[in-house]
1. Can you spot the aspartates and glutamates whose alpha carbon is less than 18 Å from Lys53's alpha carbon? Ignore those fewer than 8 places along the same chain.
2. How charged is the neighbourhood of Phe115? Take every other residue with its Cβ under 12 Å from the Cβ of Phe115, and add Lys/Arg as +1 and Asp/Glu as -1.
3. Once every DSSP H run of n ≥ 4 in the chain is given -39500 (n - 2.57) and the sum is divided by its residues, what mean residue ellipticity at 222 nm do you get, rounded to the nearest 500 deg cm²/dmol?
Amino acid sequence: MAQSPMKYKASLNEIIPCKCDLGEGLYVKDSFAIWVDITNNHIFFYDKKRLRKYLLKSKPSVVYFANKDYVLLGSDKGLVRFYFEDKREIVVSQKGLEHDKKTYRSNDGGVFNNFIYLSFMHRDQPESYPGLIYKLEDDTFFLQEKSVFIPNTFIDLKDFFLISDSFKNTIWSFEHNDFSNLVNKRLWAKFDNKISPDGGCKIEESIFVSLWDDASIAVLDRNGKITSKISLPVLRPTNCKFNKEHSQLWITSAKEGLDKNQIDLYPNSGNTFIYDLELC
């Protein structure tokens, strides 16, 4: 029998003043964390209260792996490795990406069944042109899905995967067949029209999803029901990840698209946050 989702009390521990236009791609490991600013092609590396910023040639959106020497990224150029010391940027794989790279940019991704997935969205008219979800197999990308307009979230629940459509305010569940292809797309959760699900993570039976334009992180059970919310000092949270001990939740955010009144109301928009979590 599945366990009931836990309820959590969150208290703000730290605000990291990175001021991203579009913070995303959060990766937390041991003592350090890495995230990106998609709009400005930046990578941020935070370790022991020290924040470093790097400028890339490509437009990064998701971090798959990182250590203190290099980071493996999904970007508009495909799979990219960036070395911190000498700032080398190497395209690892882009074979099979069949879209117009001037029209689409990478948006999010994840690892399902040991395969890397990378999504793309239309740069200018995402409401009119569906996004693209690719799977990397060996050194080649294969198109898996083209019915999700702004693909986000990418959470592996073992027996199914969650991928949201931020434009459609929905989260879909997918299964994978014997070839690890995405199949059996089903509606998992639906949000109000003004609220868009973005990046997320899980702990046991609880799924945490950033809610763009809702100033919150939603906590859902495996059936897609919201069991609680964590209120935030930013209108547009974009991603969240746990530390190794699951005692802290890191959250990235965006200030892109906010007007002056919204910036005044949410002055920490674009920063990254660390929250301490306790079971209620």
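Laboratory data are not the source of any read-out in this text; all were calculated from the coordinates shown. It should be emphasised that the depicted structure is a prediction, and the values quoted were computed from it without experimental measurement. Backbone-built Cβ (ideal geometry, glycine too); neighbour counts: all protein chains shown.
1. Asp21, Glu24, Asp37, Asp69, Glu85, Asp86, Glu89
2. Numbers: positive: Lys135; negative: Glu137, Asp138, Asp156.
Here the charged neighbours net out to -2.
3. Numbers: 1 runs with 6 residues, N = 280.
After summing the helix terms and dividing by the residues of the chain, the value is -500 deg cm²/dmol.
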